[in-house]
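The values are calculated or read from the model by the stated rules, or taken from the named source; none is laboratory data. Bear in mind that the values here come from a model prediction, so they are computed numbers and not experimental data. Backbone-built Cβ (ideal geometry, glycine too); neighbour counts: all protein chains shown. To get the accessible areas, we keep the full protein, side chains included, count just its heavy atoms, and leave off ligands, DNA and RNA. Shrake-Rupley method; radii C 1.70, N 1.55, O 1.52, S 1.80 Å.
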Amino acid sequence: MPDLGRFLPLSNRPGSDESTVSRDRREQIAGVVASAARIVAATPPEQASGLAEEFVSAARLREDVSPDEAGLLLLSTRVREGRRRGIRSLSRVVRAYLLLAESAGVTAQLPPAVTGAVALYAATTAPLPRRVVVAGHRVRASDDGWEFGRGTRLEATGVQIIAFLLAVSEQPPRPPAAPGTLGI
């Protein structure tokens, strides 16, 4: 019976190191902006400026920098050194990054901490039809090692889950394929 208390809210569960926990998302946003800069740098010069401009506009990161590769790298530095930013800002920047990757025909790659935070936030703020899809389910990232919710499991990659929740993709997470099936 003494172990039951570990599962109760506000219990005396064993503590863990939470020194890196913060509501400030500057580092994560700066990392996503730097990733966007790499995508823009890999595109033909005639497209780069337009893609960078679209990214900055969609991310709502209007700054006094030119919208090119160097401008995005400078923007990344300014975000890192600037004012505190929250999960809403991270969510907007990630959505802009996903749109940029799609426009450039590149596979989006984001760290698990970013996909997990954005997925959890978007699951409660996404448009109602998207929230309904994940409501009452346990949503699991098959590649990033995070999950949230209760109920039957839905899974996809972390990027696929946030792309759906942020209205970049129409492909929702799905129940995992039963063992021994082809998953078609």
Please list, ordered by first then second residue, the pairs with beta carbon atoms under 9 Å, 6 or more apart or interchain, first in the range 109-122 and under 14 Å from Arg88 (Cα atoms), second assigned to a helix (DSSP H, G or I) and hydroxyl-bearing (Ser, Thr, Tyr).
Ala117/Ser91; Val118/Ser91; Tyr121/Ser91; Ala122/Ser91
State which residue is most open to solvent (accessible area, probe 1.4 Å) when the search covers only the range 84-101 and only residues that are at pLDDT below 95 and of a type in the set (D, E, K, R).
Arg84
(1) touching a helix residue (DSSP H, G or I) at 6+ places or on another chain (Cβ under 8 Å); (2) in contact (Cβ under 8 Å) with a residue 24 or more places away in the chain all hold for Pro127 apart from (1)
Flag if Arg138 is in contact with a Gly (Cβ under 9 Å, 6 or more places away or on another chain), free of Cβ contacts under 8 Å to residues at least 24 places away in the same chain and surrounded by fewer than 16 Cβ atoms within 10 Å (Cβ to Cβ)
yes
Test Arg60 against the stated conditions and say whether it is closer than 22 Å to Ala167 by Cβ, at pLDDT 65 or above and open to solvent by 90 Å² or more (accessible area, probe 1.4 Å).
yes
Any idea which of Asp17, Asp3 is open to solvent by 30 Å² or more (accessible area, probe 1.4 Å), outside any loop (DSSP other than H, G, I, E, B) and at pLDDT 60 or above?
Asp3
